[in-house]
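A quick write-up on the structure given underneath.
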Amino acid sequence: MRSFPSWLLWWLGAALTLAPCTVKAQSAEVRARSVVRKMTLDEKIEELHGIRDATHFRYVPPIHRLGIPALRITNGPAGVGPDGTRPQQPATALPAPISLAASWDVRLAHLYGVIIGKESRDLADGLLEGPDVNIMRVPQNGRTFEAFGEDPYLVSQMAVNVIEGIQSQHVIADVKHYDANNQETDRFRINEIIGERALHEIYLPAFEASVKQAHVGAVMCAYNKVNGVYSCQNDMLLHQILKKDWGFKGFVTSDFGATHSTVRSAMAGLDLEMPTGRYFSTPLKADVQSGRVPMSVIDDKLVRRFRTMMALGVYDHPPTLHRIPVKEDGRLAREIAEQGMVLLKNKGKLLPLDAARLHSIAVIGPYAARAITGGGGSSHVVPLYTVDPVKGIAHRAGSGVKVRFNDGSDVAQAAALAKSSDIAIVMVGDYETEGRDHPISLQGDQDQLVEAVARANPRTIVVLKSGSAILMPWVHQVPAILEAWYPGEEDGNAVAAVLFGDVDPSGKLPITFPRRLQDLPANTPEQYPGVNGVVHYSEGVFVGYRHYDADHIRPLFPFGYGLSYTTFAYQHLTVAPQALAPVEHSHQTVSVSFDVTNTGHRAGAEVAELYVGFPQTRAVPEPPKQLKGFTKLELKPGETGQARLELNARDFSYWDTQHHRWAILPGVYKIMVGSSSRDMLLHGQVKIEPRRKM
């Protein structure tokens, strides 16, 4: 009989004990409109912005006369963060979202959302500002750790499942930052010049999926300008694309202080100004009274929010304080962290470690001193507890192995400790935070530390704790490298479990690791960080691995890459049908199936990746491949699993800038399946016929 992972059993229990949302005889739409009709103008204005005083922040006040509840808001892409209470309330510090993306596991993404949503409700918050779905355009972005990587398909799949998890707990998800909030440098004023095709193919899809597939309740507009217009007053983004083209039924919140106007923002589609009402209080009332903002526009904003609150159970059952299940959620946080770790190098099969063959381990480095629970800024979580690296490794190694620690501040002493130990584990990394970008080289003496320890002990393992890609001048000097990201509160236990082989590493990179800064897609000042407050996205759709593939640049580690303690073989690719009539606006699909076999001696999980190569034309340049599907298979030694994936019309589409819509070119489309973006193991094709002339 097959056993189920503990996180799945927990999730099933949570789902069964969660009371369903009360359904009134009237629909949420009718009820919301009824409430709004009874409101005075002053009451309406009061509900269109947050307030900040001695006792309230991240808070929209109630109107008791009409039974309108307060709305408490928290940040939370990596766990429940700041929600206005002082001091900040502790919660489960989950591994960073970039780590979740590295798991390539949509079931874990849903679980991640369930945990955050449930804990938000336990802490009496009704709206959670997350997930962050901005594409990693440049790895220097200080919030790379807070989102899901460089590929719009992967980011979309993670986003949809996290949102569904959050909202299953009767909490509103607020997907952010709409749109193209891709750098922290000059974030309050930067003007991003983005071509129409890149905007629709790279920077909008995750938001579109959040709206159309996950039915997200709220969207947060960003600080930056897009093509000359601030996001929170951008009619094209908010009104035309989000609300009209996509049919978004929820409400738009501003990032804190991202509102720059009254009439323009109100008419463009901003529904709730945060954190206070600089523009949407007295100035908005005056503009309503003068007729510059129609009352119907005001009413629509309120109906959108009340309708969403009612539909998700926040209106009728406002969240109240409950105890967070510390141990249960901590255990799940550990399992998620384990699944997101990426084994980048394992020369000579140094890993996994065998405690029975060891007498001493040196744990060295600034990122070994304490648990790395996450990045900084508004996503910071105050952890309920932490497990430090040395404690976790010592506990797993057992009493027969001497574990000694050196923080690496004295490189010579660290090297001496490494030399006298059987194994040296060096923990280095970065610290990313909202508000500033960062270099992707290790800061201080960390590179020198790794090199010195590697010279002293040839059995050196580097554990990276980073929120983004890292340059590695020492990559050829060490036999083993494990990317652990920001592992969260269970850092020590999770890292130890992977190093000692209790868990097979199955993570794959959601971002490309470059060899040099010059190799990045955005490598000129005009592209990043911008000149005179303007950034040109002149790389177009060639972001991340698309750029490396198109320009034949060998990365340090490619997108989708990750090693295992076992091995896998791919066979028997079937693509059906192999020829299609023009499929625009149709429901035709292409089925792709193949077998994956665990050919090693250990149980493990393999992420199989499906890419499509589009026909090339001078008018529509395409990268050699684009991710369009993936699946994760858990296999015992010798076991074969069959993967089945489907491609739809959108998967063969590009954005036609002449007609401003999705279109499909006739021609041969390559179907490629592999274990990374640079390791295609199975090949097929689909031919799409040209349209017949009438």
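The values are calculated or read from the model by the stated rules, or taken from the named source; none is laboratory data. Bear in mind that the values here come from a model prediction, so they are computed numbers and not experimental data. Please note: Cβ atoms are built from the backbone with ideal geometry, for glycine as well, and neighbour counts cover all protein chains shown.
State whether one or more residues within the range 471-492 are in a loop (DSSP other than H, G, I, E, B), under 22 Å from the mean Cα position of the chain (by Cα), touching a residue at least 12 places away in the same chain (Cβ under 8 Å) and surrounded by fewer than 24 Cβ atoms within 10 Å (Cβ to Cβ). Within the range 471-492, one or more residues are in a loop (DSSP other than H, G, I, E, B), under 22 Å from the mean Cα position of the chain (by Cα), touching a residue at least 12 places away in the same chain (Cβ under 8 Å) and surrounded by fewer than 24 Cβ atoms within 10 Å (Cβ to Cβ).
Quick check on my filter: what residues within the range 493-541 are of a type in the set (Asp, Glu), within 24 Å of the chain's Cα centre (by Cα) and more than 16 Å from residue 439 (Cβ to Cβ)? Quick ask: steps written out before the conclusion?
Going residue by residue through the range 493-541, those that are of a type in the set (Asp, Glu) are 502, 504, 519, 526, 539.
Next, from what is left, pick out any that are within 24 Å of the chain's Cα centre (by Cα): 504, 519, 539.
Selection gives 504, 539.
Kindly provide the set of residues from the range 383-395 that are among the aliphatic types (A, V, I, L, M) and touching a strand residue (DSSP E or B) at 6+ places or on another chain (Cβ under 7 Å), ordered by number.
To start, the set of residues in the range 383-395 that are among the aliphatic types (A, V, I, L, M) comprises 384, 387, 390, 393-394.
Answer for the range 383-395, where residues must be among the aliphatic types (A, V, I, L, M) and touching a strand residue (DSSP E or B) at 6+ places or on another chain (Cβ under 7 Å): 384, 390, 393, 394.
The single condition among (1) among the charged types (D, E, K, R); (2) part of a helix (DSSP H, G or I); (3) under 30 Å from residue 33 (Cβ atoms) that residue 327 does not meet is (3).
For first residues located in the range 615-642 and touching a residue at least 60 places away in the same chain (Cβ under 8 Å), partners that are of a type in the set (Gly, Ala, Ser) and lie 6+ apart or on another chain with Cβ distances below 6 Å form the pairs 623/550; 624/613; 625/613; 632/605; 635/641.
With the requirement that a residue be in a loop (DSSP other than H, G, I, E, B), in contact with a strand residue (DSSP E or B) (Cβ under 7 Å, 6 or more places away or on another chain) and surrounded by fewer than 16 Cβ atoms within 10 Å (Cβ to Cβ), what does the range 348-376 give you?
If we filter the range 348-376 for residues that are in a loop (DSSP other than H, G, I, E, B), which is where we start, we get 350-354, 358-359, 365, 369-375.
Of the ones still in play, those that are also in contact with a strand residue (DSSP E or B) (Cβ under 7 Å, 6 or more places away or on another chain) are 350-351, 353, 358-359, 365, 372-373, 375.
Within the range 348-376, 359 is the sole residue that qualifies.
Residues that are under 12 Å from the mean Cα position of the chain (by Cα) and assigned to a loop (DSSP other than H, G, I, E, B) within the range 106-131 comprise 130, 131, listed in sequence order. Residues considered: 453, 428, 403. Of these, the only one that is over 23 Å from residue 529 (Cβ atoms) and either touching a Pro at 6+ places or on another chain (Cβ under 9 Å) or in a loop (DSSP other than H, G, I, E, B) (or both) is 428.
Annotation note: Cβ proximity below 6 Å between a residue of the range 500-519 that is under 22 Å from residue 139 (Cα atoms) and in the same structural domain as residue 474 (by TED's automatic domain parsing) and a residue that is part of a loop (DSSP other than H, G, I, E, B) and of a type in the set (D, E, K, R) (sequence gap 6+ or interchain) occurs for 511/150.
Does residue 320 satisfy being surrounded by 14 or more Cβ atoms within 10 Å (Cβ to Cβ), within 33 Å of the chain's Cα centre (by Cα) and touching a residue at least 24 places away in the same chain (Cβ under 8 Å)? Here the answer is no, as residue 320 does not meet what is asked. Take the conditions (1) crowded, with 17+ Cβ neighbours inside 10 Å; (2) at pLDDT below 95; residue 587 misses just one of them, which is (1). Within the range 413-425, which residues are buried (at least 22 other Cβ atoms within 10 Å of the Cβ) and either small (Gly, Ala, Ser) or under 27 Å from the mean Cα position of the chain (by Cα) (or both)? 414, 415, 418, 421, 424, listed by residue number. Looking only at residues of the range 189-234 that are among the hydrophobic types (A, V, I, L, M, F, W, C) and more than 18 Å from the chain's Cα centre (by Cα), we find that the one that is surrounded by the most Cβ atoms within 10 Å (Cβ to Cβ) is 232. Once the range 64-88 is narrowed to residues that are among the aliphatic types (A, V, I, L, M) and surrounded by fewer than 19 Cβ atoms within 10 Å (Cβ to Cβ), the residue that is nearest to residue 254 (Cα to Cα) is 70.
Restricting the range 496-524 to residues that are among the polar types (S, T, N, Q) and surrounded by fewer than 24 Cβ atoms within 10 Å (Cβ to Cβ) leaves a set whose member that is farthest from residue 606 (Cα to Cα) is 524.
Select, from 402, 391, the only residue that is out of contact with any His (no Cβ under 7 Å at 6 or more places or on another chain) and of a type in the set (Lys, Arg). Quick ask: steps written out before the conclusion?
On the way: 402 fails: out of contact with any His (no Cβ under 7 Å at 6 or more places or on another chain).
Answer to the selection: 391.
Among the residues of the range 209-241, those identified as out of contact with any Ser or Thr (no Cβ under 6 Å at 6 or more places or on another chain), within 11 Å of residue 265 (Cα to Cα) and in a helix (DSSP H, G or I) are 231, 235, 238, 239.
The residues in the range 235-263 that are closer than 17 Å to residue 274 by Cα and more than 24 Å from the chain's Cα centre (by Cα) can be counted, and the count is 5.
So which strands (runs of 3 or more DSSP E) stay within the range 639-694 end to end and still have 1 or more residues that are surrounded by 19 or more Cβ atoms within 10 Å (Cβ to Cβ) and within 29 Å of the chain's Cα centre (by Cα)? So that I can check it myself, show each step before the final result.
On the way: elements: 640-647, 654-656, 661-663, 667-676, 679-688.
Those strands (runs of 3 or more DSSP E) span 640-647, 654-656, 667-676, 679-688.
Tell me whether the range 165-172 contains one or more residues that are in contact with a helix residue (DSSP H, G or I) (Cβ under 9 Å, 6 or more places away or on another chain) and farther than 21 Å from residue 325 by Cβ. First the steps, then the outcome.
Applying the first criterion (in contact with a helix residue (DSSP H, G or I) (Cβ under 9 Å, 6 or more places away or on another chain)) to the range 165-172 yields 165-172.
The next check asks that each one be farther than 21 Å from residue 325 by Cβ; those that pass are 172.
Yes, the range 165-172 contains a residue that is in contact with a helix residue (DSSP H, G or I) (Cβ under 9 Å, 6 or more places away or on another chain) and farther than 21 Å from residue 325 by Cβ.
Here is the figure for the range 372-385: residues that are over 19 Å from residue 84 (Cβ atoms) and in contact with a Lys or Arg (Cβ under 9 Å, 6 or more places away or on another chain) total 2.
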